[in-house]
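The values are calculated or read from the model by the stated rules, or taken from the named source; none is laboratory data. In this text, all values refer to a predicted model and were calculated from it rather than measured experimentally. Reconstructed Cβ throughout: ideal geometry from the backbone, glycine too, with neighbour counts over all protein chains shown. With ligands, DNA and RNA removed, areas are computed over all heavy atoms of the protein, side chains included. Shrake-Rupley method; radii C 1.70, N 1.55, O 1.52, S 1.80 Å.
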Amino acid sequence: MGSTLIAADAAVERLATGATWSEGPLWLPAERVLRWSDIPGDRILEWDAADGSSRVHRAGVEFTNGRARWRDGVVQCSHGRRAVEFEKDGEVSILVDRFGDARLNSPNDVAVHPDGALWFTDPPYGIVQPNEGHPGVQEYGGCYVFRWADGELTPVVTDILRPNGLAFSPDASTLYVSDTSAALEDGPEHCIWAFRLVGHGATVVAVDQRRLAEISPGVPDGIAVDVDGRIWTSSASGVQVISPDGEVLERIAVPEVVGNLCFGGDENDELFITASTSLYRIRTATRGLV
Ligand code: MG
C-alpha cells in the first residue's frame with residue numbers, strides 16, 4: 001500500500017552536502033531559497049531553487065541554529081551570542097539574550113505563535129559543546145521554553161530536561177516540544193512532549209503535559225506540523241510522522257542522521273531535511289502549517 005503522506009513518485013533527494021552538522025532549515029518564499037545552519041562550520045548556507053546551486057550566505061555567524069520567518073525578516077537562534085536575533089538584509093540585531101540578569105544558555109530553536117510572539121527553547125548545547133559555540137555556564141539554572149513579545153520574556157515550560165525543537169498545533173492550542181536529553185546522556189529522554197496552552201499573551205500557561213511519543217533511534221530534534229496537525233520529526237534514521245494521538249503514521253528513511261526539517265517550496269508541500277552533512281528534500285502529499 002502506498003503512503004498517503006508522501007507524493008506518489010517522490011523520493012528523498014540530496015540537494016547539497018559538505019556541511020559539518022546541518023540544522024535550522026527555513027524556506028524563504030520571496031527568494032525561493034532554503035536557508036540553513038552549519039553549526040560547527042559557523043556559517044549560514046543557502047540552496048537556491050532557481051538553479052539548484054548552494055552557497056554560503058554568511059560566515060562567522062556565532063553558531064546560529066534554528067530560525068523562522070518573522071515580520072519582514074528572519075529570527076534565529078545564536079549559540080555564540082546566547083541570543084535570539086533578527087536578521088534582515090544582512091543586518092543582525094539581538095532581540096533577547098537575558099532572563100533577568102542571567103544570560104540565556106544557548107537558544108536552539110524558535111517558532112512564531114499566531115499572535116506574533118516568539119517561542120524558543122534554551123538547552124545548553126552551545127555552551128557545553130565547544131564546536132557548537134563558546135564554553136559557558138548555565139546562569140539561571142534551568143533549560144526553559146520561553147515566550148518573548150514586546151521586550152518581555154516569559155518562561156512557559158520549565159521542567160523539560162533538554163527542550164529542543166518546538167511547534168504549535170494548527171489552532172495553537174497545543175505546544176509540542178522535543179526533549180533530547182538522551183543525546184549527550186544528560187538525561188533519559190528522546191521524546192516529544194505535548195502541552196495544552198491556556199490563556200493568551202504573556203499570561204499563557206502550559207498544562208496537561210503528556211508524552212506524545214518516544215522517538216527511536218536517536219532523538220527527535222527539530223519538528224514541524226502540517227496543515228492537518230500531524231507532527232513531522234527528525235530521528236537518527238530519518239523522518240517520522242506522528243499523529244496528534246501519538247501514533248507513528250510514516251517513516252521516511254534518510255541516509256544521514258536528521259537534525260531538523262521544515263516545509264517549503266512554492267506550494268509548501270516539499271519537506272526540506274537537514275541531516276548531518278547534507279540537505280535533503282522529499283515531496284509530500286500535504287502542506288506545512290508554516
Ligand atoms: Mg535543534
- request: Starting from segment 1-22, keep only residues that are within 30 Å of Ala59 (Cα to Cα), then list their pairs with residues that are open to solvent by less than 20 Å² (accessible area, probe 1.4 Å) and outside any strand (DSSP E or B) whose Cβ atoms are within a distance under 6 Å, requiring at least 6 positions of separation or different chains.
  value: Val12/Val254; Trp21/Ile39
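Would you be able to tell me the number of residues in segment 107-128 that are farther than 15 Å from Ala68 by Cβ, within 12 Å of the ligand (Cβ to nearest atom) and out of contact with any Asp or Glu (no Cβ under 7 Å at 6 or more places or on another chain)?
So the first thing to find is which residues in segment 107-128 are farther than 15 Å from Ala68 by Cβ, and the list is 122-128.
Next, only the ones that are within 12 Å of the ligand (Cβ to nearest atom) stay: 122-123, 125-126.
Cutting the leftovers down to out of contact with any Asp or Glu (no Cβ under 7 Å at 6 or more places or on another chain) gives us 122-123.
Count: 2.
State the number of residues belonging to segment 223-256 that are of a type in the set (A, V, I, L, M, F, W, C) and surrounded by fewer than 18 Cβ atoms within 10 Å (Cβ to Cβ). Steps first, answer last, please.
So in segment 223-256, the residues of a type in the set (A, V, I, L, M, F, W, C) come out as 223-225, 227, 231-232, 236, 239, 241-242, 248-249, 252-254.
Still in the list and also surrounded by fewer than 18 Cβ atoms within 10 Å (Cβ to Cβ): 227, 248-249, 253.
Count: 4.
The rows are residues; the columns are (1) outside any strand (DSSP E or B); (2) in contact with a strand residue (DSSP E or B) (Cβ under 8 Å, 6 or more places away or on another chain); (3) modelled with pLDDT of 95 or more; (4) crowded, with 18+ Cβ neighbours inside 10 Å.
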| residue | (1), (2), (3), (4) |
| --- | --- |
| Ser3 | yes, yes, no, no |
| Arg14 | no, yes, yes, no |
| Ala19 | yes, yes, yes, yes |
| Gly24 | no, yes, yes, yes |
| Trp27 | no, yes, yes, yes |
| Ala30 | yes, no, yes, no |
| Trp36 | no, yes, yes, yes |
task: Look through segment 119-140, keep the residues that are without any contact (Cβ under 8 Å) to a residue 24 or more places away in the chain and more than 21 Å from the chain's Cα centre (by Cα), and return whichever of them is farthest from Val205 (Cα to Cα).
output: Pro135
task: Just give me the residues in segment 75-86 being open to solvent by 10 Å² or more (accessible area, probe 1.4 Å) and touching a Leu at 6+ places or on another chain (Cβ under 8 Å), in sequence order.
output: Arg82, Phe86
query: Can you find a residue in segment 47-57 that is in contact (Cβ under 8 Å) with a residue 12 or more places away in the chain, within 14 Å of the ligand (Cβ to nearest atom) and under 26 Å from Ser235 (Cα atoms)?
result: no
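Taking Gly259, is it within 23 Å of Arg32 (Cα to Cα) and either hydroxyl-bearing (Ser, Thr, Tyr) or within 13 Å of the ligand (Cβ to nearest atom) (or both)? I'd like the intermediate steps shown before the answer.
Values: within 23 Å of Arg32 (Cα to Cα): yes; either hydroxyl-bearing (Ser, Thr, Tyr) or within 13 Å of the ligand (Cβ to nearest atom) (or both): yes.
Criteria met by Gly259.
Kindly indicate whether any position in segment 87-99 is within 16 Å of the ligand (Cβ to nearest atom) and buried (at least 19 other Cβ atoms within 10 Å of the Cβ). Step through it out loud before you land on a result.
First pass over segment 87-99, keeping only residues within 16 Å of the ligand (Cβ to nearest atom): none.
No, the conditions are met nowhere in segment 87-99.
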Residue that is within 16 Å of the ligand (Cβ to nearest atom) and under 30 Å from Thr17 (Cβ atoms), where the choices are Ala213, Ala285, Ala275: Ala275
query: When you look at Ala50, is it over 19 Å from the mean Cα position of the chain (by Cα) and assigned to a loop (DSSP other than H, G, I, E, B), yes or no?
result: yes
- request: Only residues that are in a loop (DSSP other than H, G, I, E, B) and either open to solvent by less than 20 Å² (accessible area, probe 1.4 Å) or in contact (Cβ under 8 Å) with a residue 60 or more places away in the chain (or both): list them for segment 187-222, please.
  value: His200, Val204, Ile215, Pro220, Asp221, Gly222
- request: List every residue pair whose Cβ atoms sit under 7 Å apart, with the two residues 6 or more apart in sequence or on different chains, where the first one lies in segment 77-103 and is closer than 21 Å to Asn131 by Cβ and the second, anywhere, is polar (S, T, N, Q) and part of a strand (DSSP E or B).
  value: Cys77/Thr64; Cys77/Asn65; Ser78/Thr64; His79/Asn65; Glu85/Gln76; Glu85/Ser78; Glu85/Ser93
